[in-house]
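Read through the structure below, which is laid out as structure tokens, and then see the notes.
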Amino acid sequence: MKIMICGKGGSGKSTLTTLLARELNQRGKTVLVVDADESNLCLHRLLGARMPDILMDAMGGRKGVKEKLTPSALQNPETAFLKDPLTLADIPAACLAEADGIKLLVVGKIQRFGEGCACMIGNISKTVLSRLRETANEVVLIDAEAGLEHFGRRVDAGCDLILCVVDPSYESFALADNVQRMAGAAGIEVAYVLNKVNDAIRETMTTRLDAKPVVASIPHDETLFTQSFNGEALDGNPTAVEPIIHHIETFKKPINFNVL
Ligand SMILES: Nc1ncnc2c1ncn2[C@@H]1O[C@H](COP(=O)(O)OP(=O)(O)OP(=O)(O)O)[C@@H](O)[C@H]1O
Ligand SMILES: [Mg+2]
């Protein structure tokens, strides 16, 4: 199963990705975390992993990616990890870091002034995710960049479920509407996770979401905040993500009639 974690900047996407990865791993799933955020640098720290080689660099940088992602090159890819279908085992070992059994793949980062836009990084994510065929015991968690760009690039098309993190801000509610619209257009289920919530605001947030499906509500947690502040691995309270795990474990992939 492939799950995209999206939401407003700073809403808690990377935190939720890490907590879910830990809990799914605890329950015996093989977890691949895909860092699809072209700017932020520290997801590996939250996971307690080292920074692996960046996939875009391993593909030969912008020049190499341009050559490898042309329609004709994609029909007959030289590299195993661009084949269709591809498996987790096809991802180059140097591009995977591992912590407590959780694997981390970093797609690409903007590293130099004037190097070009992030579209290429989005294209790698889109290609890899659409070709990746995980087994029933494998879960792929994609930590998206903030906002909606991944929808614009159709990266979500290769995913089964979208989790939209909503923090207590007006901007987050507005974004939640757009996520619902775009996930609907992509034909992908979206579920909402309230984050940094306290008892006083939980009900108001749910009302503001206007009957959108909320699967969990994660309280503001000072320990999570401090661990993140210090660049430490997170070991937050797993009960907070329990309802999301249940949603994942009971999720039924819709039948794609296009492939029948
Ligand atoms: N439940 C929580 N309780 C307390 N602090 C939290 C919680 N969730 C996230 N935070 C804090 O909010 C900040 C942003 O979290 P995080 O980096 O996970 O967000 P993000 O959506 O991935 O941000 P970005 O858009 O920059 O990638 C961090 O300081 C993190 O520790
Ligand atoms: Mg993040």
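Data table
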{"read-out": "Subset of the stretch 102-117 that is at pLDDT 95 or above and of a type in the set (Gly, Ala, Ser) - its residue that is nearest to Lys29 (Cα to Cα)", "value": "Gly108"}
{"read-out": "Hits in the stretch 16-45 (condition: near ligand 1 (Cβ under 10 Å from one of its atoms), of a type in the set (S, T, N, Q) and closer than 14 Å to Ile248 by Cα)", "value": "Thr17"}
{"read-out": "Qualifying residue in the stretch 198-215 (condition: surrounded by 13 or more Cβ atoms within 10 Å (Cβ to Cβ) and near ligand 1 (Cβ under 10 Å from one of its atoms))", "value": "no"}
{"read-out": "Counted residues, the stretch 154-170 - those being within 12 Å of ligand 1 (Cβ to nearest atom) and either touching a residue at least 40 places away in the same chain (Cβ under 8 Å) or among the acidic types (Asp, Glu) (or both)", "value": "6"}
{"read-out": "Verdict on Ala146 being small (Gly, Ala, Ser) and modelled with pLDDT of 95 or more", "value": "yes"}
{"read-out": "Pick from the stretch 215-234, criterion touching a residue at least 40 places away in the same chain (Cβ under 8 Å) and in contact with a strand residue (DSSP E or B) (Cβ under 8 Å, 6 or more places away or on another chain), ranking: farthest from His247 (Cα to Cα)", "value": "Ala233"}
{"read-out": "Test result for Val165, crowded, with 22+ Cβ neighbours inside 10 Å, under 13 Å from Ala36 (Cβ atoms) and touching a Leu at 6+ places or on another chain (Cβ under 9 Å)", "value": "no"}
{"read-out": "Selection status of Thr15, away from ligand 2 (no atom under 16 Å from the Cβ), of a type outside the set (Asp, Glu), closer than 30 Å to Pro219 by Cβ and modelled with pLDDT of 95 or more", "value": "no"}
{"read-out": "Qualifying residues in the stretch 116-153 (those that are within 16 Å of ligand 1 (Cβ to nearest atom) and among the β-branched types (Val, Ile, Thr)) - the one surrounded by the most Cβ atoms within 10 Å (Cβ to Cβ)", "value": "Ile142"}
{"read-out": "Residue in the stretch 204-214 that is away from ligand 2 (no atom under 16 Å from the Cβ), under 26 Å from Arg22 (Cα atoms) and without any contact (Cβ under 8 Å) to a residue 12 or more places away in the chain present", "value": "no"}
{"read-out": "Criterion (at pLDDT below 95 and of a type outside the set (Phe, Trp, Tyr)) met by exactly one of Asp167, Asp156", "value": "Asp156"}
{"read-out": "Filter result for the condition that a residue is among the charged types (D, E, K, R), under 20 Å from the mean Cα position of the chain (by Cα), surrounded by fewer than 19 Cβ atoms within 10 Å (Cβ to Cβ) and part of a helix (DSSP H, G or I), over Asp177, Asp156, Asp235", "value": "Asp177"}
{"read-out": "Criterion: basic (Lys, Arg) and more than 9 Å from ligand 1 (Cβ to nearest atom) - qualifying residue of Lys8, Lys63, Lys13", "value": "Lys63"}
{"read-out": "Residue that is farthest from Asp53 (Cα to Cα), among those in the stretch 73-114 that are touching a Lys or Arg at 6+ places or on another chain (Cβ under 8 Å) and surrounded by fewer than 12 Cβ atoms within 10 Å (Cβ to Cβ)", "value": "Pro85"}
{"read-out": "Output for the stretch 138-158, where each listed residue is under 22 Å from Pro92 (Cβ atoms) and either within 16 Å of ligand 2 (Cβ to nearest atom) or in contact with a Ser or Thr (Cβ under 9 Å, 6 or more places away or on another chain) (or both)", "value": "Glu138, Val139, Leu141, Ile142, Asp143, Val155, Gly158"}
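The values are calculated or read from the model by the stated rules, or taken from the named source; none is laboratory data. This one's a predicted model, so the numbers in the text were calculated from it and none came from an experiment. Neighbour counts are summed over all protein chains in view; Cβ atoms, including those assigned to glycine, are modelled from backbone coordinates with ideal geometry.
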